[in-house]
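Here is the structure we will look at.
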Amino acid sequence: MSVVDDGSQKHPPESAVDQRWKFLVFYLCFYGFMTQIRPGESFITPYLLGADKNFTTVEVTNEITPILSYSYMAVLVPIFLLTDYLRYKPVLVLQSLSHISIWLLLIFGTSILAMQFMEFFYGITMAARVAYSSYIFSLVTPSHYQRMASYSRSAVLMGVFTSSVLGQLCVTVGGVPFMTLNYVSLGFMVFGLVLTLFLEQPKRSLFFNQSGGPPPSELDRMHPVGGKPVPPEPSHWRSSALFRMLRELGTIAKLPQLRLWSLWWIFNSAGYYLMLYYVQLLWNEIYPTTDNRKVYNGGVDAASTLLGAITAFAAGYVKIRWALWSELVIGGVTAFQAGLLLLMSTTSNIWLCYGAYTLFRGSYQFLVPIAIFQIATSLSKELCALVFGVNTFFATVLKTIITMIISDKRGLGLSVHPQFYVYFAYFTLLAVVYLGAAVCVAVRHRRRKVPPEPAFAKELSSPAEEAPGKERSSEPGSVHI
């Protein structure tokens with residue numbers, strides 16, 4: 001069966017399209033998997049504190065690690081815009097070069113300044129992750145979006161899991177030094193750069209490289225007028241897709257569920273990544289062993305990644321009325337995370353700390369796909385990308401402010417244990433706010449329920465009068481509950 005477009009062009013046969021789709025799936029998943037193979041990453045902190053580099057705990061905690069938050073905030077917006085303007089591939093190349101720079105500095109750097117540059121390049125690689133997640137949508141048709149997102153995310157998680165297991169086996173079973181793991185990681189990053197060079201260059205992107213003019217606004221899509229296309233605005237820059245998306249953010253932000261889950265993304269992800277940045281220092285304080293074979297960071301990262309993948313998968317099968325229960329679910333999970341942070345702060349048992357860390361990451365990953373669905377369910381992919389970009393930017397700003405106050409030596413310069421008490425207080429405050437909001441939602445829901453009509457009133461009312469009254473009384477419930 002042939003498909004004719006306008007008489008002048010013909011689409012390729014279905015078999016050719018299917019073959020190209022399968023090749024793209026395989027190559028992108030292979031690329032995503034291989035770029036995560038960094039077996040030395042789970043052991044960077046003990047490597048810096050060990051005999052190879054011999055930095056002090058204070059230097060790593062208050063001078064080196066804070067640079068990661070500063071770097072991430074400084075480059076996030078430029079990389080977000082350049083990713084779309086340059087159509088993804090150049091930013092992916094920059095990410096690979098930054099990965100190589102990280103491991104070169106870890107291997108050959110000897111000063112605090114060199115390690116601060118290492119953290120700077122690490123911030124670039126984190127900001128450039130948006131390029132991979134956006135790139136996959138620019139190459140495939142909309143019918144393949146969901147499957148492609150699932151495959152690529154699974155490939156990345158499997159890469160992280162494999163990398164952590166490989167690193168742990170090398171250290172515990174093979175007795176491989178941390179320096180050798182860094183060389184292995186560097187080799188994989190060079191291979192990742194080669195893979196990046198063979199990625200296909202997309203012809204379009206979400207905002208800057210649109211063909212056929214800017215897309216209609218989100219409100220126009222939701223409420224088309226007579227099926228007529230929206231006339232373009234006269235000004236060139238005012239009619240750009242990015243400008244239209246920015247204008248619509250104010251309207252979209254009024255949606256209760258989108259606002260709630262965006263706030264969760266901002267506040268909880270800031271706390272989550274702060275915990276992630278400093279947890280290896282906490283482990284080293286609780287269990288300061290000089291025997292590398294007894295450092296189990298890789299195994300813990302593998303277990304937490306696996307649990308995160310399982311909980312994220314399970315979240316897709318949770319069917320509840322999110323408009324009613326979102327605040328309670330978020331509050332309950334946040335309170336659970338606060339308890340885990342308290343346990344990590346107070347315990348002297350490294351295995352309890354490992355277990356609390358694993359559960360913390362698993363509980364966070366459980367809410368991530370729910371947040372993505374709640375935010376993206378009624379948005380176009382262009383506006384969705386912008387909303388997540390804005391949320392990530394505000395989370396990064398908040399994370400940077402907290403780092404400047406409690407971690408940086410120019411602020412309070414707290415050691416790692418007091419920092420985790422601060423994180424516990426932070427998540428406790430968030431849990432109280434979320435649970436308080438859940439109580440307010442429950443009270444409003446109860447007030448909106450229509451009280452039962454007295455029996456004598458039913459007897460006096462005629463059937464013709466009763467039906468409209470029921471319709472009016474049930475209408476508010478159907479809209480607001």
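Points to keep in mind about this one:
- The test for being touching a helix residue (DSSP H, G or I) at 6+ places or on another chain (Cβ under 6 Å) and either in the same structural domain as Tyr132 (by the TED database) or over 30 Å from Val77 (Cβ atoms) (or both) holds for Phe424.
- Residue in region 404-411 that is buried (at least 20 other Cβ atoms within 10 Å of the Cβ), at pLDDT 95 or above and more than 30 Å from Lys254 (Cβ to Cβ) present: no
- Where a residue in region 39-68 is within 18 Å of Leu104 (Cα to Cα) and open to solvent by 40 Å² or more (accessible area, probe 1.4 Å) and its partner, wherever it lies, is part of a helix (DSSP H, G or I) and not charged (D, E, K, R), with Cβ under 8 Å and at least six apart: Glu41/Ser163; Glu41/Gly167; Glu41/Ser185; Asp52/Phe178; Asp52/Met179
- Positions within region 189-213 being open to solvent by 60 Å² or more (accessible area, probe 1.4 Å) and either at pLDDT 95 or above or of a type in the set (A, V, I, L, M, F, W, C) (or both), in sequence order: Val190, Phe191, Val194, Leu197, Phe198, Phe208
- Residues in region 169-186 that are open to solvent by less than 40 Å² (accessible area, probe 1.4 Å) and not in a loop (DSSP other than H, G, I, E, B): Cys170, Val171, Phe178, Leu181, Asn182, Ser185, Leu186.
- Figure legend. Inter-residue proximity from region 342-354: first residues in contact (Cβ under 8 Å) with a residue 40 or more places away in the chain, second residues among the small types (Gly, Ala, Ser) and surrounded by 14 or more Cβ atoms within 10 Å (Cβ to Cβ), beta-carbon distance below 6 Å, spacing 6+ or different chains. Indicated pairs: Met344/Ala356.
- Selection status of Phe80, farther than 25 Å from Leu306 by Cα, part of a helix (DSSP H, G or I) and open to solvent by 60 Å² or more (accessible area, probe 1.4 Å): no
- Of the helices (runs of 4 or more DSSP H) lying entirely inside region 242-360, those containing at least 3 residues that are closer than 29 Å to Arg446 by Cβ and open to solvent by 50 Å² or more (accessible area, probe 1.4 Å) span 256-286, 322-346.
- One residue stands out in region 142-168 among those that are surrounded by fewer than 15 Cβ atoms within 10 Å (Cβ to Cβ) and in contact with a helix residue (DSSP H, G or I) (Cβ under 9 Å, 6 or more places away or on another chain): the one that is farthest from Phe26 (Cα to Cα), namely Pro142.
- Qualifying position, being touching a residue at least 40 places away in the same chain (Cβ under 8 Å), in contact with a Leu (Cβ under 9 Å, 6 or more places away or on another chain) and among the aliphatic types (A, V, I, L, M), among Leu367, Leu430, Leu386, Leu324: Leu386
The values are calculated or read from the model by the stated rules, or taken from the named source; none is laboratory data. Note that this is a predicted model, so its numbers are computed, not measured. When we count neighbours, we look across all protein chains shown, and the Cβ atoms used for this are built from the backbone with ideal geometry, even at glycine. Note: accessible area is taken over every heavy atom of the protein model, side chains too, but ligands, DNA and RNA are not part of it. Shrake-Rupley method; radii C 1.70, N 1.55, O 1.52, S 1.80 Å.
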